[in-house]
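One structure below.
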């Protein structure tokens, strides 16, 4: 935190004075900090509620609404939530083969972490274990694109907001680009999640500063960041651990499926990998040359390419010039069938 005092924009996150959409002010929720500059809150997204009517309108942007549902589900988190709750959360919003990627830059250089579906529940849980009590995503000007079997959502101005109660009350706003791919079906689950972090801000309420205005030691502690690039130490340590855990997913899956010992699972995986490495590359299928078939005339004589001039002249009159170059692929097999004979023409030579 570079400044001890909050700016007017940051302070509005804690003291909203006007509704985001200009309508009746909704019931205030401690975690739903309203800011016209940042965007809608997770509990009250824009244009989804008709004025004066407490029901949802038919929304056109379903991907944006899925983020609203994800935020709403995260609002139900409590300290009593166990692994089953987080697994159910991931099953509701992520595909079985989903991939989650986080990119950011630390003091020692850029970082990129990619985890699979099995490790995604623990990632979201690590955010709360790091001291966060609330988590939601705010999307500003998202762009939706339709593809063959999925719908992509690209938001260059995405803010991940966390309310932290430990070690002190702080709001962390992580700004970056969020790219999502939703499967184009009834469930609309996420297949690809890529969040590129650009910068972050840590905001402390003025009331906290006023309480410790006469305590220089406490003010010095408040001036220090509690996160690195917007991520807590718990989340960073888990992402580093995922570098080891992600390649081991095959071993864990084999152990769970076949009840093999860890040593046997490792032997089996290594043997199969060795087989794939030493296996000769598959040769491309060779196309068999087309054979020219001979046709039998009604008199029992065969007609070949080197036949008499009379036959060639009669055949050339019946054939079209466009079909002469692909004769082998277009002429059907007429062996053994009855054909009509053409009377021989007089020799004009």
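The values are calculated or read from the model by the stated rules, or taken from the named source; none is laboratory data. Just so it is clear, the structure is predicted and the values come from calculations on it, not from any experiment. Neighbour counts run over all protein chains shown; Cβ positions are idealised from the backbone, glycine included.
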(request) Taking only segment 186-202 into account, find how many residues are farther than 21 Å from residue 106 by Cβ, surrounded by fewer than 21 Cβ atoms within 10 Å (Cβ to Cβ) and touching a strand residue (DSSP E or B) at 6+ places or on another chain (Cβ under 9 Å). (result) 5
(message) Exactly one of these conditions fails for residue 122: (1) assigned to a strand (DSSP E or B); (2) touching a helix residue (DSSP H, G or I) at 6+ places or on another chain (Cβ under 9 Å); (3) in contact (Cβ under 8 Å) with a residue 40 or more places away in the chain. Give me its number.
(response) (1)
(request) Return a yes/no flag: does segment 160-175 have any residue that is more than 22 Å from residue 75 (Cβ to Cβ), touching a residue at least 24 places away in the same chain (Cβ under 8 Å) and in contact with a strand residue (DSSP E or B) (Cβ under 6 Å, 6 or more places away or on another chain). (result) no
(request) Could you please tell me which pairs satisfy a Cβ distance under 9 Å, a separation of 6+ or placement on different chains, a first residue in segment 203-223 that is at negative phi and free of Cβ contacts under 8 Å to residues at least 12 places away in the same chain, and a second residue that is assigned to a loop (DSSP other than H, G, I, E, B) and surrounded by 11 or more Cβ atoms within 10 Å (Cβ to Cβ)? (result) 207/14; 218/212
(request) Would you tally the residues in segment 227-270 being modelled with pLDDT of 85 or more and not in a helix (DSSP H, G or I)? (result) 7
(request) Looking only at segment 155-187, count how many residues are part of a loop (DSSP other than H, G, I, E, B) and out of contact with any helix residue (DSSP H, G or I) (no Cβ under 7 Å at 6 or more places or on another chain). (result) 7
